[in-house]
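Notes follow once the structure below has been shown.
The values are calculated or read from the model by the stated rules, or taken from the named source; none is laboratory data. In this text, all values refer to a predicted model and were calculated from it rather than measured experimentally. Here the Cβ positions follow ideal geometry from the backbone for every residue, glycine too, while neighbour counts run over all protein chains shown.
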């Protein structure tokens, strides 16, 4: 991109100015920037803009630092020395401590293997019906909260009625 002032040299300084919602850009070569820095370029900077600029730089630095840490940081079990990469290759942990070390990654693994992260297990015969009904009521209550938050009041009323029926022991379907 050529300099906006001399139209000869390559622009090395790019200034973007936004005033009252209108943005203008100035592209200057090194020589023109030196000549005009006192005369033409007056950039009023508010304290708020200054703080936002500093915060943006800080956030960018943090993000870059985290990216670098992710590349270089390898999670390793303190007890047996197994890495997560080792676990992925073998499919087996080296010791009991691995469960704690890789705890944050396990839901992802379980979701891929089983399609869900919740263990349903077996239900006792005598208490089975009641436990399943309580779980269904819990699910409906959660749906009711979501419907209320979304202001879907007709759906919320239907869910409320179904919950009441289930609590009374009536058929819930």
With respect to residue 104, is the statement that it is part of a loop (DSSP other than H, G, I, E, B) and surrounded by fewer than 13 Cβ atoms within 10 Å (Cβ to Cβ) true?
-> yes
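Sort out for me the helices (runs of 4 or more DSSP H) sitting completely within region 1-90 that have 1 or more residues that are under 25 Å from the mean Cα position of the chain (by Cα), within 30 Å of residue 105 (Cβ to Cβ) and at pLDDT 65 or above.
47-72, 84-90
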